[in-house]
Every structure is written in C-alpha cells, then in structure tokens.
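Peer 1: Pasting a structure below so you can have a look.
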Amino acid sequence: MFEKLKAGLNSLVNKITTTELTAEKLKPILEEFKLNLVENDVAFPIAEKICNELVNRLEGLQIKRLEDKRKVVRENLQQILLEILDSGEKIDLLELAEEKRKKGEPLVIVFVGINGTGKTTTIAKIAKLFSKKGYSVVLACSDTYRAGSIEQLGEHARRLGVRMIKHTYGADPAAVAYDAINYARAHGINVVLIDTAGRIQTDKNLMNELAKIKRVVNPDLTILTVDALTGNDAVMQAEEFNKAVGIDGTVLTKVDADVKGGSALSVTYVTGKPVIYIGTGQTYEDLQEFNPQRFTKMILGQ
C-alpha cells in the first residue's frame, strides 16, 4: 500500500538530512519532491502547500548536536500531512445512529458517487457494520436507471438479511428514498442507507436528481464514495459533488490496491470534509475507520 509515495517521502527525508537547512539548499530538493507528490495523485495546490510549509518550518532550524536530524525532518513532515488529513471534524456513524434511536427516528444516509467507485459495495459494508452492532437496517435503491442496479443491491440485501425498498426501473429516485424512510419509521428500523445513480459527475441531470433526493428526504448525512485508484479524477469528483449537492464526508475505496496514496490527502483538502472509512478489500468486513494519525504513519512507512 502506498509504496510509491512512501519511497518519495523517504527519499526526501534522506536528501534533507544530508543538506544545510537554508531556503537556497532546500528549494531544489523540494521542487523535485513536489513533482513526485503530483505523480502520486497529490493535487498540485496541496503538493505546493506541503513544500512551502516544509521550507517555512525547516529553514534556519537549529538542530542540537546530539539531536537526530532525520527524526526532526520526519516529525515536521508528519505534522504537515496530519494537518491536511485532519479536517477537524469526526463523523461517528454508530454514535449518530444511537442518538437517532433514542429519539425514535431512523438515521438516514444518502450515498453519492460515480459508477465504478464501489458505492453499492460500500453501502453493503456499512449495512453489515450497523447490523453487527445491533442496529436494524433498510436499503433503498434510488438508482433506478443503471441496468442491474436493483438486482445488485437486492443481492447484497439478501446476503445481509436486510430489507430493500425498490420501485421499477425509470421510477422517481426521490420517491424510492421517501418510501424507504416511511417504511423504517413504520417498522422501527434504525438506519436507512440510500443508493443513488452515478453517471459522470458533470451530468447536470444527475446533480439535479441528487439535489431533489436531498430536498425530499432531508438526510442526516450525504457520503461520497471515491475510488483511490482514479488519482486526480477523485479530486475532481469530490469538488464537483461537494459543490453541486454538498457532502458531509467521504469513503475512500480500493485503498488496498493503491500504490500511490495521494488521493486521501487531496480529497480531504479540496472538500474540507473528513474521510470516514477506507475500503480495504472485497468482503463485507473490509472497511476500516479512517484515522488521520494512523494513515499519516502508514504513508511515512512507520
């Protein structure tokens, strides 16, 4: 995981460790590093921010005679990455579900993202997580356009032993979501997870459709799924969806296959919203809570 980014970061630490800490000596090293970051899916403004911050923190820094220079450089780099990854906001889905349960209301989550990002599988993983923790779940298939979408979500519902609310293909997606919430209220179900269509992110009709679903059901959360392997496309998608419909957080999928590792930095930075979970495989259990500290250590190879 993140082999290329780790190699670039370690190479940077080695070069800085053996050079004088002046702007003149640091800048050529950091220019090269900036390109390395961009090649590893870190959006250019973020790569620039990381490099500028490093110059500001390291220039003229007096390292004591017995102090480990490598350690000082690493600690500063870790702090910069952490500041980017930590949006300052934490979303705990289980905590939110418990708050809603105490009020006798279901927690309603709308999932958005383009086709192929693993959105439906992510919904199934989150349904499994809720079920394991004792919360009842209903799924809503508000993707009424993509061929096979109803069958795909239905198969997950069958395997998980949860109910799915569906209409026919071509039906109003907002009506499906609305019916699912009413079903949850009538049957005392704790969580409603709504799957939506995922045509290309610049499709105006799609964004209008998602905005309508949000207007009709007023969800507690809107979560974007982003495929870590799509690189800078992930950044564009995050920006577009956040601008058009507003998101509360993201789930980064296929992180286990990501050799670059820059998507998490980029998506968090451009949306200002937290990454809630990362997908690390194909099974329902392959979902990890996102921890900025742990993730930073991971990309630094610690």
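Peer 1: Restricting the range 105-144 to residues that are part of a strand (DSSP E or B) and small (Gly, Ala, Ser), which is farthest from residue 180 (Cα to Cα)?
Peer 2: 142
Peer 1: Here is a follow-up. Would you mind telling me which numbered condition in (1) exposed (fewer than 14 other Cβ atoms within 10 Å of the Cβ); (2) assigned to a loop (DSSP other than H, G, I, E, B) residue 151 fails?
Peer 2: Residue 151 satisfies every listed condition except (2).
Peer 1: Out of all the residues in the range 240-250, is one or more part of a helix (DSSP H, G or I) and within 18 Å of residue 36 (Cα to Cα)?
Peer 2: No: zero hits.
Peer 1: Hey, any hits in the range 187-194 for a residue that's assigned to a helix (DSSP H, G or I) and not polar (S, T, N, Q)?
Peer 2: Yes, the range 187-194 has at least one match.
Peer 1: Quick test for you: out of 96, 77, pick the one residue that is crowded, with 18+ Cβ neighbours inside 10 Å, farther than 15 Å from residue 163 by Cα and either under 22 Å from the mean Cα position of the chain (by Cα) or of a type outside the set (Gly, Ala, Ser) (or both).
Peer 2: Every option except 77 fails the conditions.
Peer 1: Please state which one of 285, 240 is of a type in the set (Asp, Glu) and in contact with a Ser or Thr (Cβ under 8 Å, 6 or more places away or on another chain).
Peer 2: It is 240.
Peer 1: Here's a follow-up. Pick from the range 200-230 the residues that are β-branched (Val, Ile, Thr) and under 15 Å from residue 263 (Cβ atoms): which of them is modelled with the lowest pLDDT?
Peer 2: 230
Peer 1: When the residues of the range 237-264 are filtered to those that are among the hydrophobic types (A, V, I, L, M, F, W, C) and within 11 Å of the chain's Cα centre (by Cα), which remaining residue is modelled with the lowest pLDDT?
Peer 2: The selected residue is 264.
Peer 1: For the range 228-251, give me the residue count where each residue is under 15 Å from residue 199 (Cβ atoms) and touching a residue at least 12 places away in the same chain (Cβ under 8 Å).
Peer 2: 6
Peer 1: Here's another thing I want to ask about it. From 186, 177, 171, grab the single residue that is surrounded by 17 or more Cβ atoms within 10 Å (Cβ to Cβ), among the aliphatic types (A, V, I, L, M) and either farther than 27 Å from residue 233 by Cβ or in the same structural domain as residue 242 (by TED's automatic domain parsing) (or both).
Peer 2: Being surrounded by 17 or more Cβ atoms within 10 Å (Cβ to Cβ), among the aliphatic types (A, V, I, L, M) and either farther than 27 Å from residue 233 by Cβ or in the same structural domain as residue 242 (by TED's automatic domain parsing) (or both) holds for just one of 186, 177, 171, which is 177.
Peer 1: Considering only the range 36-59, I want to know if a residue exists there that is within 25 Å of the chain's Cα centre (by Cα), of a type in the set (Asp, Glu), assigned by TED's automatic domain parsing to the domain that holds residue 179 and not in a strand (DSSP E or B).
Peer 2: For the range 36-59, residues within 25 Å of the chain's Cα centre (by Cα), of a type in the set (Asp, Glu), assigned by TED's automatic domain parsing to the domain that holds residue 179 and not in a strand (DSSP E or B): absent.
Peer 1: Looking at 118, 161 in this structure, which one is in the same structural domain as residue 192 (by TED's automatic domain parsing) and in contact with a strand residue (DSSP E or B) (Cβ under 9 Å, 6 or more places away or on another chain)?
Peer 2: None of the other options fit; the residue is 118.
Peer 1: Still on this structure, I have one more. Give the residues of the range 265-296 that are in contact (Cβ under 8 Å) with a residue 60 or more places away in the chain and not in a helix (DSSP H, G or I), sorted by residue number.
Peer 2: Result: 272, 273, 274, 275, 276, 277, 279, 282, 284, 285, 286, 287.
The values are calculated or read from the model by the stated rules, or taken from the named source; none is laboratory data. What you are looking at is a predicted structure, and each value in this text was computed from that prediction instead of being measured. Because the Cβ atoms are built from the backbone with ideal geometry, glycine has one as well, and the counts that use them run over all protein chains shown.
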